[in-house]
Amino acid sequence: MSDSLPPLIEVLGQPALKIQPPDGSEATVLLHGAHIVSWKPAGADEQLYLSPHAVAAPGQAVRGGVPVIFPQFEQRGPDVSLPRHGLARTRTWKLDEVRQGRDHAQATLVLNDDDSTRAWWPHAFHLELTVSVSRERLDVELHAHNPGPSTWPFSAALHTYLAVSDLTTVRLQGLDGCRFIDNLLGGETIEDHPEKRFHGEIDRIYAQATNLLLRDGPRRLAIESDNLPDAVIWNPGPDKCADMKDMPVDGWQTMLCVEAARVLEPATLGPDESWTGRQTLILLSA
Ligand code: TA6
């Protein structure tokens with residue numbers, strides 16, 4: 001293991017770090033938002049969708065990759081006065097540690113409260129995002145600590161954009177039996193499709209959906225989460241995609257967000273308490 005910090009590269013005009021264990025897998029993470037913009041398992045193609053029109057700039061969210069959502073999801077609270085999807089994805093994080101092992105590589109980035117976050121949200125916080133890559137596996141762990149005197153509720157998510165060959169031919173297994181809120185149609189329903197198919201726009205929050213499998217031709221991608229019990233499934237579909245200035249018109253056809261989230265029941269941290277949530281992606285076959 002080596003703990004020295006490697007030189008940063010530039011991606012989307014922002015400082016970024018590429019972690020590469022000797023097995024040929026790699027991941028690239030921006031300091032802006034601690035945003036993972038690329039993950040290639042050993043011997044396999046890119047697994048994440050990154051819009052060719054994505055912009056990474058202070059105050060702006062990158063379209064694609066893995067946005068880190070904290071402390072509110074969308075405009076659902078717990079504090080609705082915050083920017084949509086919170087504060088973490090639009091700020092510059094600090095690279096804290098890089099570890100290079102024989103069979104994995106890992107980087108940890110940190111974000112602490114400062115004057116600009118306290119102007120929006122008057123709480124002390126410490127966030128760590130640890131990205132580990134190893135052969136066919138990506139682990140993304142979000143850790144939150146409350147170093148301050150007040151107790152605060154929060155929501156969090158890893159808003160993962162998966163690359164897909166064709167949205168209309170992929171299947172997502174593991175949602176059947178899960179209760180979901182449909183953000184487009186309203187209301188709550190129980191999913192009864194063992195293999196969910198997609199035709200265009202979808203925006204749903206599934207409860208207790210922590211073991212999923214994406215099937216995309218011969219590709220099998222396991223999507224697991226720990227302490228992030230909800231799965232948000234999102235695709236803008238053709239009409240909304242055409243209105244998004246950071247997406248190509250046909251971008252919706254080759255992406256599917258499968259987000260590991262803590263949103264239906266926000267968490268709470270008292271003074272000196274910590275919380276950790278994780279999403280793991282494992283490429284079972286390419
Ligand atoms: O996670 C789903 C969602 O909240 C959708 O409603 C959709 O708007 C998407 O996130 C993207 O949000 P953004 O703020 O990044 O444009």
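Below is a table of values for the structure above.
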read-out: Inter-label distance for residue 215 and residue 76, nm, one decimal - labels placed 7 Å from Cα along Cα-to-Cβ; value: 2.8
read-out: Table column - 3J(HN,Hα) (Hz), the range 183-188, Karplus curve with 6.51, -1.76, 1.60, x for Gly and Pro; value: 6, 8, 9, x, x, 10
read-out: Part-to-part distance (alpha-carbon centres) for the range 213-261 and the range 158-202, which is given in Å; value: 9
read-out: Within the chain, helix-based [θ] at 222 nm, where runs of 4 or more DSSP H residues each add -39,500 (n - 2.57), nearest 500; value: -1000 deg cm²/dmol
read-out: Qualifying lysines (Cα of each under 30 Å from Cα of residue 18; at least 8 residues distant if same chain); value: 40, 94, 245
read-out: Normalised contact order of the chain, rounded percent, pairs of Cα under 8 Å and 6 or more residues apart; value: 18
read-out: Mean shadow area of the range 2-285, taken as a quarter of the surface of its Cα convex hull (nm²); value: 14.2
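All of the numbers you see were taken from the coordinates with simple rules; none came from a lab. All values reported here derive from a predicted model rather than from experimental measurement. Because the Cβ atoms are built from the backbone with ideal geometry, glycine has one as well, and the counts that use them run over all protein chains shown.
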